[in-house]
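Asks: Quick one: the structure is below, and I'll ask about it shortly.
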Amino acid sequence: MKTITYYFSLVASILLALPAVAQAAPECGAKTGIKATGSPIKVGGIHGNAAPGDFSSATDAASAYFDCVNENGGINGRPIQYLVENDQWNPELAAQAAAKLIEDENVVAMVGNGSFVEMSVNAPTYKENGIMAMASACAVSECFESSNIVSTNQGPLASSIGAAMYAVEELNAQNISCIGLAIPSVGNWSCGAVESYMTSKGLTGSSVLLNPAAPDVNSGLLEAVASGADSILVNLPAGLGIAFLGAAQEQDLAAVYSWTSSTPLYDMSVPAALGEYWDGKIFVSAELTSLDGQGIDNLNWKAVMDAYADENDPRDTFSQSGYLSAKIFVETLLSMDAEQLDDRNAVSDSIKAINDKRSDLMCGPYYVGEADRHMPNHAGIVVVNKNGNFEVVRDCFEYEGPYFEPLFSTEKALGLR
Amino acid sequence: MTISRQVWLGLIAFLAASISLPSIGSGQWLSILTSTSCFVIAITGVAFLYARLGMVSLGQVALMGVGGWVMLRMNHAYLLPFELNLMVAVVVTMVFGWILALPALRMRGLYLALITLMAAGGLEVIFATFRFPNGGEGFWGVMPSVAAPFRRPEIAQSDSAYLRYLITFVALGFAIIRLHLSSAPGRAWAMIRRSEAAALASGVNVTYYKAWGFGLSGALAGLAGAFLAGSLGLLDASTFRASESILLFALAVVGGVRYWYGVVIAALLLRVLPALFNNWSLDPDLALIIFGAALMHSIITAPQGIAGQLNDLLAKLRGKHD
Amino acid sequence: MKRFLPLLWLVLAALAVFILVAGKTPFRISGLFLVSGLAVGALYSLGGIGLVVLYRATGVLNLANGAIGALGVMVAWQLGHWGVAPSLTWLAALVLATMVSLIFGRLIAPGLAHRDPVVKTVATLGYALVVLGITAFIWEDDVRKFSLPTDQMAAIILDLRFTVTRMIVIGTAIFIVIVIWLYLDRTRVGLQMRSLANDRQLAALIGIRIVRVETIAWGISGVIAGFTGLMFGDLVRLEPFVITFMVIPSIAAAICGKLESLVGVLVGGFTMGIIESLLTLSPTLKSIRPVAPFVIAAIALFLMQGGRPLVFARD
């Protein structure tokens, strides 16, 4: 009797441990399993982590991936030394961080950048110093319209257009009111593009721009109501978005309009914050693929985070984005000549040569190229908040609209379409 | 410390700073010190106004924003040299300060502090709405893309040369105030501080001298903002929130409003301490707690601030009382 | 009645803005903005009333009111998150806010009693930074929502859905004004408070128990601050920084009442909210409408000078 129990429990524990074993094997870099011990390659990253929002998950993920790579042979035996700075949403600190990383530490590239102010302050600096920034959490136009910054995330403009497309194609929207931040390089830029898209479809679009510090979101809501719209596109950071939807809830408007949102509301704490009232009503255009996806990269991202990141590091879209930037960066370094790894110009040239990198995390191919604007990620999915979670309602689709024309011609030249 | 000792100390410090600091060799610290020096100029304006006239200005950073705005607009609109743009920025900010001060000049105490706070709040909204010029068209001059280049002074193009240039202006700022204090305006201010009624009775034009003081404070804010614009090449509205103006005044009191080294200490607390916290990965909210506690401590037990306490310490060490 | 005459300009200003900006819009729509503005204005009034109540009783303009309220509502949210019954969480918020207010009032304020009003205000500023720092440190930036059961209940006024929560804000603001007015004017303790605020040392000389009176004043202020924090957390945003610096528009409302007339604060706050909301209908001014409270406060200061140098009562 005892022997049977013994063998039974042995087999049971092995069977139970199998999934854990299957999960806990992240694959990074050269996958050699040998720790890298050469002289370090310096890479920098800047994130913004202070009120009103925390974008640090991108650099956390990149850091975890680099740790994993260092455990697996590094880059030709050399570990990556990842130096991360926090700009605390302060432009002076952002400039100081860039000065420290570029001038004092001589990093060869920036990876995983995520901030509201960093890109607009440092874009000229990056250009002057010939350094490329493979960003992961961008929210301002300067990030997508500068020669030396390229991001794995979509940003508010592309994401809003995705939401607008869904509203027009699936929710019968004829007149969209786009609620954005009254910051020229954020709200005006992205909501302006939504208006152009609606016009190009022969429909109507308008913008309501909120001052980020204003306590009164009510009058913004009323402005949207007064515009005669039949669909509202919430293009705000999560905290402000929740406040806006709270005001809409007060007015019992959930059934009166169709509701879409750009990517910031695709965050696991949002369904609980919104509550039952909004269940099944908010269609969010996510900039990367589903957090529960079963693709290789998505599972590997989770494995890397579980093995190398802190428990408290959020596993959100920016985290996926940071992982992806880091992964593509490492692949680029691995394809370079070993002697050139410390030469910033050589690294920048290799980054600019990146073409057609595919991943299940992104709907389209990632590419850089020599151009004065970069937005490789302009296709996404749409999810809806249901039962305290998110459900995918539309799988990868590419965004259209007048804004993307120049990008399409660059892609044709690179042989991507 | 007697006045001439202070002046000597100041001259020596200025020479030491302008020789050593710009050659500090670290890109990050050059940037931090440049920003700190800009704030030294701004804090000087607030400090002398409070120390010599008893007037509280809770809107100094907002005025810096005005100076920075004018500087950027001039830079992108015309092809005039840096120094000319600087003068325009200083004059415009001074006039702006006067306009704000008009209702305040006949008020005292709390109401003046409150109206500058209202101005700070209003300007915060305006900066957040209209942002700062970056080479675009129209009056506001904003375009949704990377900023157009900024032209620094001919003789101060590099970061370290710019810092040296800026330090010279810091010394100039201190010198101008010292000049004021030892001549007619300074004497008028001292009388007004003692008793407005007595000053009026002795024939001092109280409103005129108060306006002069406020104008000087505004001019210094404009100077600081313009230099800040030059150091970064662009400005962001988040630097000029009302809470920053409040914090600036708070730290001026903590540093010590009567002495130039008090002002320097305040600027170091305002800009270097947060940078150090960032370097050491400490939560920036801890800095808030420390500042708040320092402010309360300063107000209750050390009205002359850290500078005053340093003074007392030195006097004790020297064994005599100045 | 006569002393309410100066407030007429506020009402006239609101009317003027309404006619200028919303004259051509049908009332069906402009009415929405009017009611919405009333709701926002009530928040400004409430904040201002909290400031003026303490000011009239102790001579201190407590800039830490926002921070204290923020701490209270964050604690209420946290307790609710851990499953504590809602009414207990509100009680906890109010008790905590009162205690935090009393800590300053009993331990720190007496040491500053002889200093001038600006210095006392700056000291409360230091306290605000400490409380805000502690709150922000304990609760990391995250997306949170604070709701009250009264959010679900509403009435329809002029086509706009007015939740019971907003009605509570307006009702409480008016209630506090009436109660405090009666308290300060009619009760013994109220009289003692007013004399204390006038001249602390003289009040002590004539035998008023200063510590006891001040404790009551700071306690009442703490309760109001805690309540205001709960309302801001529900109706504005549950973010410590935002709630703390709502003290600035609250000061604007307080200025409309010259820091002494609670009715003035009430009317001032409502006017600010209404004008700010109505400006949404003006295509040129809608982007800078948050400036409205500050402009109104500045004008209020201007007008209240009346041509003579404004000597501040406790200068």
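The values are calculated or read from the model by the stated rules, or taken from the named source; none is laboratory data. Small disclaimer: the values here were computed from a predicted structure and weren't measured. Note that each Cβ is placed from the backbone with ideal geometry, even for glycine, and that neighbours are counted across all protein chains shown.
Asks: Count, please, the residues in region A:289-303 that happen to be at pLDDT below 90 and crowded, with 18+ Cβ neighbours inside 10 Å.
Replies: Residues flagged as at pLDDT below 90 and crowded, with 18+ Cβ neighbours inside 10 Å within region A:289-303 amount to 4.
Asks: Then there's this: Being more than 21 Å from A:Ala61 (Cβ to Cβ), over 23 Å from the mean Cα position of the chain (by Cα) and not in a loop (DSSP other than H, G, I, E, B): is that true of A:Leu253 here?
Replies: Judged against the criteria, A:Leu253 is not a match.
Asks: I want to confirm something. Restricting to region A:374-409 and keeping residues that are outside any strand (DSSP E or B), hydrophobic (A, V, I, L, M, F, W, C) and out of contact with any His (no Cβ under 8 Å at 6 or more places or on another chain), which single residue is surrounded by the fewest Cβ atoms within 10 Å (Cβ to Cβ)?
Replies: Among those residues, the one meeting the criterion is A:Phe408.
Asks: Continuing with this model, one more query. Based on what the data block shows, is B:Ile246 within 11 Å of another protein chain (Cβ to nearest Cβ) and without any contact (Cβ under 8 Å) to a residue 24 or more places away in the chain?
Replies: For B:Ile246, the condition - within 11 Å of another protein chain (Cβ to nearest Cβ) and without any contact (Cβ under 8 Å) to a residue 24 or more places away in the chain - is not met.
Asks: Of the numbered conditions (1) surrounded by 22 or more Cβ atoms within 10 Å (Cβ to Cβ); (2) of a type in the set (Ser, Thr, Tyr); (3) over 16 Å from the mean Cα position of the chain (by Cα); (4) within 11 Å of chain B (Cβ to nearest Cβ), C:Thr280 satisfies every one except a single condition; which is it?
Replies: It fails just one condition, (4).
Asks: A follow-up question, please. Is it true that A:Asp306 is part of a helix (DSSP H, G or I), surrounded by fewer than 22 Cβ atoms within 10 Å (Cβ to Cβ) and either touching a Ser or Thr at 6+ places or on another chain (Cβ under 6 Å) or without any contact (Cβ under 8 Å) to a residue 24 or more places away in the chain (or both)?
Replies: no
Asks: Quick one: which residue in A:Leu324, A:Leu288 is within 19 Å of A:Pro237 (Cα to Cα) and of a type in the set (A, V, I, L, M, F, W, C)?
Replies: That would be A:Leu288, the only listed residue that is within 19 Å of A:Pro237 (Cα to Cα) and of a type in the set (A, V, I, L, M, F, W, C).
Asks: Kindly evaluate C:Ala203 against the criterion of being buried (at least 20 other Cβ atoms within 10 Å of the Cβ) and away from chain B (no Cβ under 14 Å).
Replies: no
Asks: Within region B:245-270, track down each residue that is at pLDDT 90 or above and within 13 Å of B:Ala42 (Cβ to Cβ).
Replies: Listed by number, the residues that qualify are B:Ser245, B:Leu248, B:Phe249, B:Leu251, B:Ala252, B:Gly255, B:Val263, B:Val264, B:Ala266, B:Ala267, B:Leu270.
Asks: Please determine, by comparing only the residues of region C:94-137 that are aromatic (Phe, Trp, Tyr) and under 23 Å from B:Ala302 (Cα atoms), which one is nearest to the other protein chains (Cβ to nearest Cβ).
Replies: Looking at residues that are aromatic (Phe, Trp, Tyr) and under 23 Å from B:Ala302 (Cα atoms), I get C:Tyr127.
Asks: Using the structure shown, decide if A:Ser185 is surrounded by fewer than 24 Cβ atoms within 10 Å (Cβ to Cβ) and either of a type outside the set (Ser, Thr, Tyr) or assigned by TED's automatic domain parsing to the domain that holds A:Leu265 (or both).
Replies: Considered against the rule, which asks whether it is surrounded by fewer than 24 Cβ atoms within 10 Å (Cβ to Cβ) and either of a type outside the set (Ser, Thr, Tyr) or assigned by TED's automatic domain parsing to the domain that holds A:Leu265 (or both), A:Ser185 comes out as no.
Asks: Using beta carbons and a limit of 6 Å, which pairs, at least six apart or on different chains, have the first residue in region C:52-67 and of a type in the set (Phe, Trp, Tyr) and the second one not in a helix (DSSP H, G or I)?
Replies: C:Tyr55/C:Leu61; C:Tyr55/C:Leu259
Asks: Looking for something facing chain B (nearest Cβ under 10 Å), outside any helix (DSSP H, G or I) and modelled with pLDDT under 85 - is there at least one such residue anywhere in region C:287-305?
Replies: Yes, the conditions are met somewhere in region C:287-305.
Asks: Then there's this: Condition test on C:Arg106, is it closer than 25 Å to C:Val179 by Cβ, touching an Asp or Glu at 6+ places or on another chain (Cβ under 7 Å) and in a helix (DSSP H, G or I)?
Replies: no
Asks: Now for a separate question. Closer than 25 Å to A:Ala36 by Cα and among the aromatic types (Phe, Trp, Tyr): does that describe A:Tyr126?
Replies: Judged against the criteria, A:Tyr126 is not a match.
Asks: Between a first residue in region B:278-300 that is under 19 Å from A:Ala97 (Cβ atoms) and a second residue that is outside any helix (DSSP H, G or I), which pairs have beta carbons less than 6 Å apart while being 6 or more apart in sequence or on different chains?
Replies: Short answer, once both residue conditions are applied: B:Asn278/A:Asn86; B:Pro284/A:Gln88.
Asks: Continuing with the same structure: Here is a check on your reading of the model: is B:Leu273 surrounded by fewer than 18 Cβ atoms within 10 Å (Cβ to Cβ), aliphatic (A, V, I, L, M) and more than 10 Å from chain C (Cβ to nearest Cβ)?
Replies: yes
Asks: Here's something else I'd like to know. So which residues in region A:214-228 are out of contact with any helix residue (DSSP H, G or I) (no Cβ under 6 Å at 6 or more places or on another chain) and either outside the structural domain of A:Val194 (by TED's automatic domain parsing) or closer than 15 Å to B:Ala128 by Cα (or both)?
Replies: Once the filter is applied, which keeps residues that are out of contact with any helix residue (DSSP H, G or I) (no Cβ under 6 Å at 6 or more places or on another chain) and either outside the structural domain of A:Val194 (by TED's automatic domain parsing) or closer than 15 Å to B:Ala128 by Cα (or both), region A:214-228 yields only A:Pro215.
Asks: In addition: Given the criteria in contact (Cβ under 8 Å) with a residue 24 or more places away in the chain, more than 17 Å from the chain's Cα centre (by Cα) and assigned to a helix (DSSP H, G or I), does B:Val46 qualify?
Replies: No: the conditions fail for B:Val46.
Asks: Go through (1) part of a loop (DSSP other than H, G, I, E, B); (2) under 20 Å from A:Gly114 (Cβ atoms); (3) charged (D, E, K, R) and name the single condition A:Asp360 misses.
Replies: Answer for A:Asp360: the failing condition is (2).
Asks: If I filter region B:123-134 down to residues being in contact (Cβ under 8 Å) with a residue 24 or more places away in the chain and either in a helix (DSSP H, G or I) or charged (D, E, K, R) (or both), which single residue comes out as farthest from the other protein chains (Cβ to nearest Cβ)?
Replies: The qualifying residue farthest from the other protein chains (Cβ to nearest Cβ) is B:Phe127.
Asks: Scan region A:256-289 residue by residue and report those that are aromatic (Phe, Trp, Tyr), assigned to a loop (DSSP other than H, G, I, E, B) and within 14 Å of chain C (Cβ to nearest Cβ).
Replies: Residue satisfying the conditions is A:Tyr266 alone.
Asks: Does any residue of region A:184-205 turn out to be away from chain B (no Cβ under 14 Å) and among the aromatic types (Phe, Trp, Tyr)?
Replies: Yes, some residue in region A:184-205 is away from chain B (no Cβ under 14 Å) and among the aromatic types (Phe, Trp, Tyr).
Listed here are the residues, each with its yes/no results for (1) within 16 Å of A:Gly293 (Cα to Cα); (2) assigned to a loop (DSSP other than H, G, I, E, B); (3) in the same structural domain as A:Arg78 (by TED's automatic domain parsing).
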| site | (1), (2), (3) |
| --- | --- |
| A:Asp310 | no, yes, yes |
| A:Pro314 | no, yes, yes |
| A:Phe318 | yes, no, yes |
| A:Gly322 | no, no, yes |
| A:Leu341 | no, no, yes |
| A:Asn345 | no, no, yes |
| A:Ser350 | no, no, yes |
| A:Asn355 | no, yes, yes |
| A:Ala371 | no, yes, yes |
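Asks: Then there's this: Kindly establish whether B:Val91 is buried (at least 22 other Cβ atoms within 10 Å of the Cβ), under 15 Å from B:Gly225 (Cα atoms) and either of a type in the set (Phe, Trp, Tyr) or away from chain C (no Cβ under 12 Å) (or both).
Replies: It is false that B:Val91 is buried (at least 22 other Cβ atoms within 10 Å of the Cβ), under 15 Å from B:Gly225 (Cα atoms) and either of a type in the set (Phe, Trp, Tyr) or away from chain C (no Cβ under 12 Å) (or both).
Asks: Inspect region A:245-254 for any residue being at pLDDT below 90, under 19 Å from A:Val383 (Cβ atoms) and not aromatic (Phe, Trp, Tyr) and give the result as yes or no.
Replies: no
Asks: Is it true that some residue in region A:125-133 is within 11 Å of chain B (Cβ to nearest Cβ), touching a residue at least 24 places away in the same chain (Cβ under 8 Å) and farther than 20 Å from A:Ala346 by Cβ?
Replies: So far as region A:125-133 goes, no, none of its residues is within 11 Å of chain B (Cβ to nearest Cβ), touching a residue at least 24 places away in the same chain (Cβ under 8 Å) and farther than 20 Å from A:Ala346 by Cβ.
Asks: Okay, moving on. I need a count of the residues in region C:138-184 that are of a type outside the set (D, E, K, R), outside any helix (DSSP H, G or I), at the interface with another protein chain (Cβ under 10 Å from one of its Cβ atoms) and loosely packed, with under 15 Cβ neighbours inside 10 Å.
Replies: So the count comes out to 2.
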